[in-house]
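Here is the structure we will look at.
Each value in this text was obtained by applying a stated rule to the coordinates, not by laboratory testing. All values reported here derive from a predicted model rather than from experimental measurement. So basically every Cβ, Gly included, is an ideal-geometry build from the backbone, and we count neighbours across all protein chains shown.
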Amino acid sequence: MKTTIRPGMPLDIVDVDRHMKSMTYDVINKRIIIAQTSPPLTKYNLNNQISLTFVVKQDDHHVRYGVQAKVTDFVADYKLASSEVMAVGLEQTSKQSLYDLRLDYRVRPPADSNLRIEYKGENLNIIDMSAGGFQFSSRDKDEPKIGEEFDISLIIDDHALRLAAKAMKLAMPVSHDPALHYLGAKFIGNTRYYEQYLLKKIMEIQRKLMVDGKFS
């Protein structure tokens, strides 16, 4: 699985619910060492997949590529020429391919957007969504556990699609309600047949929010 990632190359990194910036320190076969990201990766990302995306110049054009990688370890004293820094160890898990950052653009669907997700017959309270995944709030003890795969129905303009998702991250909101928390999930499996419909819907929501002055 060769990659064009090289030491010193800036990276845009995407996990299920955020974009991060970093830089490559070293590449040794499938092992990639990067600077601690901004915002930082934490122990909750260990053994989880993230997307490393980067831009290379080809035939006078700039092209964005991406690879999937697993967070394997944190190096507290990685040695640079003049100092020791925190670094993150990754294992490349996929071949390099063209990458479109638009698929990771996230939007919160308004109540009238005709875009929703059902889990066990109930509507999830969606915080935000992209063509790659979604985040929702919950108080339900019957919710998926981190790392668990679960089935959902994605409803776009009254057309329901059965999809598989995987719970990736748990986050406590700033809330006065300690029972309330956020759960991040990503779509898994063969996603090509729904991505174009979902991305079209997300862009439609974005345009409406801009017209209404609610998009920043």
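Obtain the nm distance between the two label points defined at Asn47 and Glu122 by a simple spin-label model: each point lies 7 Å from its Cα along the Cα-to-C-beta direction.
For the pair Asn47/Glu122, the computed spacing is 2.8 nm.
For a quick check: with amide H placed at 1.01 Å from N, whose amide H comes under 5 Å from Tyr25's, ignoring anything fewer than 5 positions away on the same chain?
Correct list: Gly8, Ile33, Ile34, Ala35.
Could you work out how much longer the chain between Asn29 and Lys95 gets when fully extended? Use 0.36 nm per residue separation minus the Cα distance between them, nm to one decimal.
Answer, rounded to one decimal: 22.5 nm.
From a point 7 Å beyond the Cα of Arg162 in the direction of its Cβ, which residues of region 110-126 have a backbone N at a distance under 11 Å?
Once the point is set 7 Å along Cα→Cβ of Arg162, nothing inside region 110-126 turns out to lie under 11 Å by backbone N.
Determine which residues of region 136-166 fall in the zone a paramagnetic label at His181 would reach in this model, i.e. backbone nitrogen under 18 Å from the point 7 Å along Cα→Cβ.
Those under the cut-off are 136-150, 166.
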